[in-house]
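Down below is the structure, laid out as structure tokens.
The values are calculated or read from the model by the stated rules, or taken from the named source; none is laboratory data. Being a predicted model, the structure only gives us computed values, none of them experimental. As a convention, Cβ positions derive from the backbone with ideal geometry for all residues, glycine included, and neighbour counts pool all protein chains shown. Note: areas computed on protein heavy atoms with side chains; ligands, DNA, RNA excluded. Shrake-Rupley method; radii C 1.70, N 1.55, O 1.52, S 1.80 Å.
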Amino acid sequence: MLEFSIGLSAIQAAQRAMEVTGNNVANASTPGYHRQVVKLAAQAPMELNGQSYGRGVEVADVQRTINTQLEAAITTQTTQSGYVDTKLTSMNQIQSMIPTDASSIANELSSVFNDLQQASSQLGNPASRQTVVTQAQSLATQFNSLSANMDQMRTGMDSSIASSVSSINSMLTQIAGLNTQIARAVDQGVSPNDLLDTRDQLVNNVAQQMPLEIQQGQQQQITVLRSGAPLVIAGNAQQLQYSLDKNDQMQISVAGATTPLTIDNGSLGALLDARNNQLTDFRQRLDDLAQSVSQAFDAIQSTGVGLAGGFSQMTSQRPVSKSDAMLNAAGLTFPPTAGSVFIGVTNTATGQRTMAEVHIDPANQSLKDVATAIGTSNPNIQAFVNDQAGTVSLYANPGYKFDFAGGVDATPTTSFSAGTTVTATTGGVPSDPSNNTYTFTFLSSGTVGVTAGLQARVTDQNGNVMGTVNVGQGYESGQPTAATNGVTMTLSAGDVTAGDSLSTRAVGDPDSAGVLTALGLNTFFTGNDASTIKVNSQLVGNPDLLATSRSGQAGDTTNLQRFVSLQDGQLMGNGTLTFTKFFNNMVSDVGSQVSSLTQQSSTNQVLMTRLSDQQASVSGVDMNEEMMQVIKYQQLFQSGAKFISAVNEMYQQLFQSL
């Protein structure tokens, strides 16, 4: 009764087709689902008595409607969108943490400079010095806060990277498991369409986080690779791990491997890029700014004096790693260079001040060596090293004070003949920021303050003529007269002889080695970077220690003017940028990247929408079309049933007629 089999095949084919159609309808909104279609085919005919008889219909296959090239494009775009969107989120976070209002570092700096300018015009007002210190504390707090926020963001990124790696590992394991199930289904002759959809969705989910290479294998299995390293082969999955390299760079590798994978795309790639590059770069630039501000302010503070003049004792604020290590290998953030530091020692009873030069050689001197050199430079100053703390303390003998302000030797070196009866002194505040020795040579003989045209020629240590000074008629003996670059000369009454001379040392750079800043001796700030910068606690406790002058004389604001000049000094960007411009460039760079990424994100959304629309036209479920399929297969079912009913009726009539 072949007829019954044929009718039954129609019913069974219609039933299977209805199941597939129903599955399409049920999964119309399921992410990653591809519409399935039933492929019907005639069953193999039956041969009988030399005749071929049809045996009905069968379901030859259930296929996914899929365009592999389009799917590959979607996977690639998914990776790119994952990178851009995550990078945009990260850069928005960086932008939001950098204030641009009144509390920004640029505005805090401007306020410090304005307050310093006010202090220079209100030298006798202690409140003005307090204001400078308070505003500087606010500046340091902004550095600390921004640095802490960046550290917190880095910690958050590390957590996100760890979470992403864990998620990827889980999905790789699932992909390997699906590979096994798909191969088994293929071996059994079953169409593994739903398994393929699930696996493809997992692949895209992984690709959203990192770039992948996919290779098709046997039994519809896939191999997943990155940078040539297999992550999934058949039913086996590797696990990823994250670690920090020696430069604190986060890297991803296959568990057990030492060579990191190149993860330069996807959301994980964006996290790595933002953490290792952008955030690290902005943190480094912030540290650079804090260190440059600190160095500049410290160099001025340490080489000036406050209202009380010199110091009776002082302890360094920036410790070395080992007191017997050479200074260039002692862990100093601001390592000194070869040069000198001049220590002025004043007898508080007589006011007599002498300067001693201490040579600094960081490659061959330790902190202990420097302390010894300072102690032997003048019998009225002592230096002691605290080995445990890595600091040095300076002490002046009773009745003496010391400073590092440089200046001019009060007692010049003279080359006088018997005919020269004057006493000479020199002084002033050098305006030349270098060190020099000036020689005064009398051009003719005569009586100081009396002889008309009596002059002294001034030359520097290289023999360059700097000018002439009138010491004859019109000069009042015993009064200082301006010579050159802030240096003055004073002659008592008496006679001078042509060719006689006197020489004096003018120290405009009393710390050419930068050792005061390096060790933190009488500095404005303490700390080593944006996270640790603070106003020196001694200055906070006593704002009168603010180094307002170079000489200690009443009304001398030369050091305050040095502070103020930093506002326009191009001390950043290899001598091309001011502090404010450097910070504003940071803000601008973040904004530019956010703007570019925003545009890329919008472009990616358009591209992804187009690809999704194309995918929907190929693989999406159209409810109207599916309803038409339902009607078609319903008719097939009904036709098969009617055919069986008709055959049954025919056979009944046949049996009744017998």
Residue list for the stretch 176-197, filter: at pLDDT below 95 and either of a type in the set (S, T, N, Q) or touching a His at 6+ places or on another chain (Cβ under 7 Å) (or both): Gln188, Ser191, Asn193, Asp197
Flag for Gly591 being small (Gly, Ala, Ser), touching a residue at least 12 places away in the same chain (Cβ under 8 Å), farther than 30 Å from Ile6 by Cβ and open to solvent by less than 80 Å² (accessible area, probe 1.4 Å): yes
Pair list, Cβ < 6 Å and 6+ apart or interchain, from the stretch 609-625 residues that are more than 11 Å from Glu71 (Cβ to Cβ) to residues that are hydrophobic (A, V, I, L, M, F, W, C) and open to solvent by less than 50 Å² (accessible area, probe 1.4 Å): Val621/Ala28
Enumerated strands (runs of 3 or more DSSP E) restricted to the stretch 233-344, each holding at least 1 residues that are within 29 Å of the chain's Cα centre (by Cα): 240-244, 250-254
Inter-residue pairs, beta-carbon under 7 Å, first closer than 19 Å to Met586 by Cα and in the stretch 143-163, second open to solvent by 60 Å² or more (accessible area, probe 1.4 Å) and not small (Gly, Ala, Ser), 6+ apart: Met153/Gln93
Conditions (1) closer than 18 Å to Gln291 by Cβ; (2) in a loop (DSSP other than H, G, I, E, B); (3) open to solvent by 10 Å² or more (accessible area, probe 1.4 Å): number failed by Gly474: (1)
Filtered residues of the stretch 602-658 (kept if open to solvent by less than 90 Å² (accessible area, probe 1.4 Å) and either touching a Ser or Thr at 6+ places or on another chain (Cβ under 7 Å) or not in a helix (DSSP H, G or I) (or both)): Asn604, Met608, Val618, Ser619, Gly620, Val621, Asp622, Glu626, Gln629, Val630, Tyr633
Residue that is in contact (Cβ under 8 Å) with a residue 60 or more places away in the chain, aliphatic (A, V, I, L, M), touching a helix residue (DSSP H, G or I) at 6+ places or on another chain (Cβ under 6 Å) and buried (at least 17 other Cβ atoms within 10 Å of the Cβ), where the choices are Leu240, Leu231: Leu240
First in the stretch 54-67 and among the aliphatic types (A, V, I, L, M), second anywhere and open to solvent by 60 Å² or more (accessible area, probe 1.4 Å) and part of a strand (DSSP E or B), Cβ under 7 Å, 6 or more apart: Val57/Leu40; Val57/Ala42; Val59/Leu40; Ala60/Lys39; Ala60/Leu40
Enumeration of residues in the stretch 302-320 that are surrounded by fewer than 20 Cβ atoms within 10 Å (Cβ to Cβ) and closer than 19 Å to Pro362 by Cα: Gln317, Pro319
Restricting the stretch 71-128 to residues that are touching a residue at least 40 places away in the same chain (Cβ under 8 Å), of a type in the set (S, T, N, Q) and not in a helix (DSSP H, G or I), the residue that is farthest from Ser294 (Cα to Cα): Thr100
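Here is a check on your reading of the model: is Leu261 of a type in the set (A, V, I, L, M), out of contact with any helix residue (DSSP H, G or I) (no Cβ under 8 Å at 6 or more places or on another chain), surrounded by 15 or more Cβ atoms within 10 Å (Cβ to Cβ) and within 29 Å of Gln209 (Cα to Cα)? Don't jump to the end; show me each part of the working.
Working: of a type in the set (A, V, I, L, M): yes; out of contact with any helix residue (DSSP H, G or I) (no Cβ under 8 Å at 6 or more places or on another chain): yes; surrounded by 15 or more Cβ atoms within 10 Å (Cβ to Cβ): yes; within 29 Å of Gln209 (Cα to Cα): yes.
It is true that Leu261 is of a type in the set (A, V, I, L, M), out of contact with any helix residue (DSSP H, G or I) (no Cβ under 8 Å at 6 or more places or on another chain), surrounded by 15 or more Cβ atoms within 10 Å (Cβ to Cβ) and within 29 Å of Gln209 (Cα to Cα).
Return yes when Ser163 is at pLDDT 95 or above, closer than 30 Å to Ile66 by Cβ, open to solvent by 30 Å² or more (accessible area, probe 1.4 Å) and within 29 Å of the chain's Cα centre (by Cα) and no when it is not. If you could, list the steps in order and put the result at the bottom.
Details: at pLDDT 95 or above: yes; closer than 30 Å to Ile66 by Cβ: no; open to solvent by 30 Å² or more (accessible area, probe 1.4 Å): yes; within 29 Å of the chain's Cα centre (by Cα): yes.
For Ser163, the condition - at pLDDT 95 or above, closer than 30 Å to Ile66 by Cβ, open to solvent by 30 Å² or more (accessible area, probe 1.4 Å) and within 29 Å of the chain's Cα centre (by Cα) - is not met.
Which residues, counting only those in the stretch 13-34, are β-branched (Val, Ile, Thr) and open to solvent by 50 Å² or more (accessible area, probe 1.4 Å)?
Residues of the stretch 13-34 that are β-branched (Val, Ile, Thr), as a first pass: 20-21, 25, 30.
The answer is Thr30, and nothing else.
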Any pair with Cβ under 7 angstrom, 6 or more apart, that starts in the stretch 354-374 at a residue that is without any contact (Cβ under 8 Å) to a residue 40 or more places away in the chain and assigned to a helix (DSSP H, G or I) and ends at one that is surrounded by fewer than 17 Cβ atoms within 10 Å (Cβ to Cβ) and of a type outside the set (Gly, Ala, Ser): Ala371/Phe384
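Given the criteria closer than 27 Å to Thr346 by Cβ, modelled with pLDDT under 95 and open to solvent by 20 Å² or more (accessible area, probe 1.4 Å), does Gly428 qualify? Before you say what the answer is, go through the steps one by one.
Details: closer than 27 Å to Thr346 by Cβ: yes; modelled with pLDDT under 95: yes; open to solvent by 20 Å² or more (accessible area, probe 1.4 Å): yes.
Yes, satisfied.
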Residue match in the stretch 461-470 (condition: open to solvent by less than 20 Å² (accessible area, probe 1.4 Å) and either within 30 Å of Ala371 (Cβ to Cβ) or assigned to a loop (DSSP other than H, G, I, E, B) (or both)): no
Residue list for the stretch 333-351, restricted to those being within 21 Å of Val507 (Cα to Cα) and either crowded, with 20+ Cβ neighbours inside 10 Å or in contact with a Lys or Arg (Cβ under 7 Å, 6 or more places away or on another chain) (or both): Pro336, Val341, Phe342, Ile343, Gly344, Val345, Thr346
Conditions (1) in a loop (DSSP other than H, G, I, E, B); (2) open to solvent by 50 Å² or more (accessible area, probe 1.4 Å); (3) in contact (Cβ under 8 Å) with a residue 12 or more places away in the chain; number of the one not met by Phe384: (1)
Residue check for Asn149: part of a helix (DSSP H, G or I) and more than 26 Å from the chain's Cα centre (by Cα): no
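Which one of Thr354, Thr447 is open to solvent by less than 70 Å² (accessible area, probe 1.4 Å), closer than 20 Å to Val458 by Cα and β-branched (Val, Ile, Thr)? Before the answer, list the steps.
Working: Thr354 fails: closer than 20 Å to Val458 by Cα.
The conditions single out Thr447.
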Pair list, Cβ < 8 Å and 6+ apart or interchain, from the stretch 388-416 residues that are within 17 Å of Leu545 (Cα to Cα) to residues that are β-branched (Val, Ile, Thr) and open to solvent by 20 Å² or more (accessible area, probe 1.4 Å): Leu394/Thr315; Lys401/Thr346; Lys401/Thr348; Phe402/Thr346; Asp403/Thr346
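Given the residues Gly555, Gly514, Gly541, Gly573, which is the only one that is touching a Phe, Trp or Tyr at 6+ places or on another chain (Cβ under 8 Å) and surrounded by fewer than 16 Cβ atoms within 10 Å (Cβ to Cβ)? Show your work before the answer.
Details: Gly555 fails: touching a Phe, Trp or Tyr at 6+ places or on another chain (Cβ under 8 Å); Gly514 fails: surrounded by fewer than 16 Cβ atoms within 10 Å (Cβ to Cβ); Gly541 fails: touching a Phe, Trp or Tyr at 6+ places or on another chain (Cβ under 8 Å).
The match here is Gly573.
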Test: residue in the stretch 519-534 that is in a loop (DSSP other than H, G, I, E, B), crowded, with 24+ Cβ neighbours inside 10 Å and hydroxyl-bearing (Ser, Thr, Tyr): yes
Residue check, Gln479 open to solvent by 70 Å² or more (accessible area, probe 1.4 Å), part of a strand (DSSP E or B) and either without any contact (Cβ under 8 Å) to a residue 12 or more places away in the chain or in contact with a helix residue (DSSP H, G or I) (Cβ under 7 Å, 6 or more places away or on another chain) (or both): no
Residue match in the stretch 404-420 (condition: open to solvent by 20 Å² or more (accessible area, probe 1.4 Å), of a type in the set (S, T, N, Q) and in contact with a Gly (Cβ under 7 Å, 6 or more places away or on another chain)): no
